[in-house]
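Reading through the structure tokens given below for one structure.
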Amino acid sequence: MDGLVAQCSARLLQQEREIKALTAEIDRLKNCGCLEASPSLEQLREENLKLKYRLNILRRSLQEERRKPTKNMININSRLQEVFGCAIRAAYPDLENPPLIVTPSQQPKFGDYQCNSAMGISQMLKAKEQKVSPREIAENITKHLPNNKYIDKVEIAGPGFINVHLRKDFVSEQLTSLLVNGVQLPVLGDKEKVIVDFSSPNIAKEMHVGHLRSTIIGESMSRLFEFAGYDVLRLNHVGDWGTQFGMLIAHLQDKFPDYLTVSPPIGDLQAFYKESKKRFDADEEFKKRAYQCVVLLQSKNPDIMKAWNLICDVSREEFKKIYDALDITLIERGESFYQDRMKDIVKEFEDKGFVQVDDGRKIVFVPGCSVPLTIVKSDGGYTYDTSDLAAIKQRLFEEKANKIIYVVDNGQAIHFQTIFAAAQMIGWYDPKVTLVTHVGFGVVLGE
């Protein structure tokens, strides 16, 4: 409703400017002896009348809507901005985008709020060669204040500050509502969808304290968004794919050859990982088998997939202990979730002409970013860059998120800047419409 009123008011203002310009042009023509009426002017006047009628209906509907009892708190600053916005437009209809500055008062003796628009309007008028003091402008604004239930009185101070004193009955009503209903945020309007990507530990490794920080910050943000009325999707982008899984699966096959029928008793996955890494670094034959397992994993071989799921499940149980202690529920969508989308991502960048080949790698240079993205390795495999591009596209197009927030340490800041810039470059989202941002925190160093 507020948006419709604002749109109508803006259109009305623009039309009134056009009518004034056309009227001036007709007067000029009359003086020259050309007395023909302008069809454009008549058409504008007719549409102008319709707009005024519609605007009045919308304003009445808005007032009626606001009179209805509600548990939600109101944003007093926003309401005062509407009141002073109306007054400024009425006082200075010829000014385009006059400044609207309403802020809480810094000192109680000067009232509750201040409107500090007069100085800016004075500068705008001066540019039009109209010398009017800010104090005169402040007086003119106060004369045009519409009737409202918020303001008790206004006072002009100094060079043109308008001090605003709120009505006691209005303040009492807001405090009573707060005491009875508790904190209830103002209504948001459309219920927007927010995706918060946080925690994101690596399978087969212990959760690092950095992952713990991401978990706590991400969950806190998610709860705040939910409290504000957003539709929140918590995603856990775990590291559950890649070369290290070939190494782990090959070690599992050797250590627990009957893993397909008997669940292997892997008690300490961290120790299991270290054992497999030691073999991978020292034994060439084992390394070859590990790479074969990676190929079989990528081709979704059933036996290899069973081993992969067993390893992931052991990790999940360990992570779950921490999530349960913190009362956190996440939806897991690891790198594996996006594997089937990666081929199409590479093709899309190739079709748009963004891909260059460098030593067998397929890379993408993004304007303004110092490091290119590697979307295909020289061995044909995909990278973190590819999976993060696939993830952001899925979240934008399939989840239709209005806001996407990545809660990851500052060590990944440049990586995310490049991913976001690439997504904009290829046309997946407009940053003026969709918020995609990285919420970073300090990198934890040392043991």
- prompt: Of all accessible surface on segment 243-331 at a 1.4 Å probe, what whole percent is carbon and sulfur?
  reply: 55
- line: Per the rule of 0.36 nm per residue minus the C-alpha distance, extending residue 378 to residue 123 adds in nm 85.7 nm
statement: At R0 = 60 Å the Cβ-Cβ FRET efficiency linking residue 275 and residue 433, nearest 0.05, sits at 0.75
Mean separation of Cα contacts under 8 Å, 6 or more apart, over the residue count of segment 72-186: relative contact order %: 30
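What FRET efficiency comes out for the pair residue 445/residue 77, r = Cβ-Cβ distance, R0 = 41 Å, nearest 0.05? If you can, show how the numbers build up before the last one.
Numbers: r = 42 Å, r/R0 = 1.03.
Using R0 = 41 Å, I get an efficiency of 0.45.
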- prompt: Whats the longest run of the chain with zero trypsin sites (Lys or Arg not before Pro) that are DSSP loop and have at most 16 other Cβ atoms within 10 Å?
  reply: 206-299
task: Take every Cα pair under 8 Å in the chain that's 6+ residues apart, average their separations, divide by the length, and report that relative contact order as a whole percent.
output: 11
query: Past the 22 Å Cα-Cα mark, which pairs from 255/277; 300/343; 288/347?
result: 288/347
- prompt: Using 13 Å as the cut-off for backbone N distance, which residues of segment 275-308 belong to the label zone defined by a point 7 Å from the Cα of residue 260 along Cα→Cβ?
  reply: 301-307
- prompt: Given a Förster distance of 56 angstrom, what is the FRET efficiency for residue 106 paired with residue 359, based on the Cβ-Cβ distance and rounded to 0.05?
  reply: 0.35
- prompt: If each of residue 205 and residue 398 carries a label point 7 Å out from its Cα toward its Cβ, how far apart are those two points in nm?
  reply: 2.5
- prompt: Under a point spin-label approximation (7 Å from Cα along Cα-to-Cβ), what is the residue 253-residue 165 distance to one decimal in nm?
  reply: 8.5
message: Semi-axes of the equivalent ellipsoid for segment 67-172, please: Cα gyration tensor eigenvalues, times 5, square-rooted, ordered largest first, whole Å.
response: 26, 15, 11
task: Please list the helices of the chain that count as membrane-span-like by this rule: a mean Kyte-Doolittle hydropathy of at least -0.5 together with Cα atoms stretching 30 Å or more along the helix axis, each helix being a complete DSSP H run.
output: 2-31, 302-325
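Would you work out if segment 111-202 is rounded, prolate or oblate? Take a ≥ b ≥ c from the square roots of the eigenvalues of the alpha-carbon gyration tensor; rounded if a/c is under 1.5, else prolate when a/b is larger than b/c, oblate otherwise.
Oblate.
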field: Virtual spin-label span in nm between residue 220 and residue 298, 7 Å along Cα→Cβ
entry: 4.1
- request: Grab every C-alpha pair in segment 243-331, bin the distances at 10 angstrom width from 0 up to the longest one, and report whole percents.
  value: 16, 45, 29, 10, 1
message: Let me check against my output: what whole-number percent is the relative contact order of segment 232-374, with C-alpha pairs under 8 Å and at least 6 apart?
response: 31
- line: Here the gain from full extension of residue 414 to residue 133, 0.36 nm per residue of separation minus their alpha-carbon distance, amounts to 96.2 nm
Net charge contributed by nearby residues that have their C-beta within less than 13 Å of residue 327 (K/R +1, D/E -1): +2
message: Within 13 Å, Cβ to Cβ, of residue 124, how many net charges do the neighbouring residues add up to if Lys/Arg are +1 and Asp/Glu are -1?
response: 0
For residue 276, net neighbour charge (Lys/Arg +1, Asp/Glu -1) across residues whose Cβ lies under 13 Å away: +3
query: How much area per residue is accessible in the chain when the probe is 1.4 Å and only protein heavy atoms are counted (Å²)?
result: 57
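Subtract the Cα-Cα distance of residue 148 and residue 172 from 0.36 nm times their separation in residues, and report this length gain in nm to one decimal.
The residue 148-residue 172 span can extend by a further 7.0 nm.
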query: Hey, could you pull the Cα Rg and Dmax for the chain, both in Å?
result: 31.5, 104
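The values are calculated or read from the model by the stated rules, or taken from the named source; none is laboratory data. Because the structure is a prediction, the values reported are computed rather than measured. Cβ coordinates were reconstructed from backbone atoms using ideal geometry, including for glycine residues, and neighbour counts include every protein chain displayed. Side chains included, ligands, DNA and RNA excluded: accessible areas come from the protein's heavy atoms. Shrake-Rupley method; radii C 1.70, N 1.55, O 1.52, S 1.80 Å.
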